[in-house]
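The values are calculated or read from the model by the stated rules, or taken from the named source; none is laboratory data. Computed from a predicted structure; not experimentally measured. Quick reminder, even Gly has a Cβ in these numbers, built from the backbone with ideal geometry, and neighbours come from all protein chains shown. What goes into the accessible areas is simple: the full protein's heavy atoms, side chains included, and nothing from ligands, DNA or RNA. Shrake-Rupley method; radii C 1.70, N 1.55, O 1.52, S 1.80 Å.
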Amino acid sequence: IFRLKNPLINRGIGVTADYVFGRGITINARDDEINEVVQQFIDDRQNQVELTSHQSMLAKDREQQCDGNTFLMLFVHGFTGRVRVRSFNVDEIEDIVCNPDDKKQPWYYRRQYTQGTKTIVKYYLDWRVQSVNDIKLPDGITLEENVYIYHIKTGAFSDWKYGCCEFYSTHQWARAYNKFLTNWSI
């Protein structure tokens with residue numbers, strides 16, 4: 001809300017996103033076969049809506065700066081290996097369960113959301129976990145098959161579960177500067 005309310009913060013976020021993606025980006029792999037897979041992922045219309053088009057990259061960057069977290073769901077086709085990407089609201093992640101011996105290693109995510117009047121709880125494996133056999137799952141928990149979570153966090157220390165708004169530290173300064181400008185305009 002502060003981004004929407006404060007023109008200084010809003011402009012800073014816009015300038016940052018435009019600086020990163022202003023001319024667009026090109027992603028290529030050196031190996032032709034790998035590049036073909038990469039281009040299929042980028043050119044997939046559903047992935048473009050969510051992540052790979054110029055417009056969606058700008059939007060995701062702005063969201064990341066505000067939330068400090070982006071949760072991407074990677075839907076992997078069991079036969080072809082093709083990946084589709086979707087994101088969801090950070091508030092839907094109820095917990096990030098990490099390796100008890102290494103809190104920097106997430107194992108799986110607990111997601112709770114509502115669909116109509118029904119509350120749904122699902123569990124998703126972190127994209128870096130090689131196999132379900134590598135982690136300890138409590139009884140009664142089943143992970144969604146062929147769906148993985150890729151969590152991008154910024155503005156946080158490495159052992160924090162969640163990221164932090166990138167402009168959090170500028171909040172007080174922006175409020176004070178707005179007050180200063182208001183006083184000069186009177």
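Descriptive notes on the structure:
- Residues of region 32-56 that turn out to be more than 23 Å from ARG11 (Cβ to Cβ) and either polar (S, T, N, Q) or open to solvent by less than 80 Å² (accessible area, probe 1.4 Å) (or both), as a count: 14
- For region 1-49, the tally of residues that are in a loop (DSSP other than H, G, I, E, B) and among the aliphatic types (A, V, I, L, M) stands at 4.
- The lone exception for VAL132 - which of (1) out of contact with any Pro (no Cβ under 6 Å at 6 or more places or on another chain); (2) modelled with pLDDT of 90 or more it fails: (2)
- Matching option when the condition is at pLDDT below 95 and among the hydroxyl-bearing types (Ser, Thr, Tyr), among THR70, THR80, THR52: THR80
- Restricting region 158-173 to residues that are under 13 Å from the mean Cα position of the chain (by Cα) and of a type in the set (A, V, I, L, M, F, W, C), the residue that is surrounded by the most Cβ atoms within 10 Å (Cβ to Cβ): CYS165
Conditions tested, residue by residue: (1) surrounded by 15 or more Cβ atoms within 10 Å (Cβ to Cβ); (2) among the charged types (D, E, K, R); (3) within 30 Å of PHE21 (Cα to Cα).
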residue: LEU58; (1), (2), (3): yes, no, yes
residue: ASN69; (1), (2), (3): yes, no, yes
residue: LYS103; (1), (2), (3): no, yes, no
residue: TRP107; (1), (2), (3): yes, no, no
residue: THR119; (1), (2), (3): no, no, no
residue: LYS136; (1), (2), (3): no, yes, no
residue: THR142; (1), (2), (3): no, no, no
residue: LYS153; (1), (2), (3): yes, yes, yes
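- Yes/no for ILE149 being more than 30 Å from ASN6 (Cβ to Cβ), open to solvent by less than 90 Å² (accessible area, probe 1.4 Å) and under 21 Å from the mean Cα position of the chain (by Cα): yes
- Scanning region 127-173 for residues that are assigned to a helix (DSSP H, G or I) and within 27 Å of GLU63 (Cα to Cα) returns TYR168, SER169, THR170, HIS171, GLN172, TRP173.
- Positions within region 174-186 being open to solvent by 100 Å² or more (accessible area, probe 1.4 Å), assigned to a helix (DSSP H, G or I) and free of Cβ contacts under 8 Å to residues at least 24 places away in the same chain, in sequence order: LYS179, TRP184
- Scanning region 76-83 turns up no residue that is open to solvent by 60 Å² or more (accessible area, probe 1.4 Å) and under 15 Å from the mean Cα position of the chain (by Cα).
- Note on region 84-97: among residues that are open to solvent by less than 50 Å² (accessible area, probe 1.4 Å) and in contact with a helix residue (DSSP H, G or I) (Cβ under 7 Å, 6 or more places away or on another chain), the one that is nearest to THR119 (Cα to Cα) is VAL90.
- Within region 49-64, the presence of at least one residue that is hydrophobic (A, V, I, L, M, F, W, C), in contact with an Asp or Glu (Cβ under 9 Å, 6 or more places away or on another chain) and over 18 Å from TYR148 (Cβ atoms) is confirmed.
- Breaking point among (1) surrounded by 12 or more Cβ atoms within 10 Å (Cβ to Cβ); (2) touching a Phe, Trp or Tyr at 6+ places or on another chain (Cβ under 8 Å); (3) part of a strand (DSSP E or B), for GLN112: (2)
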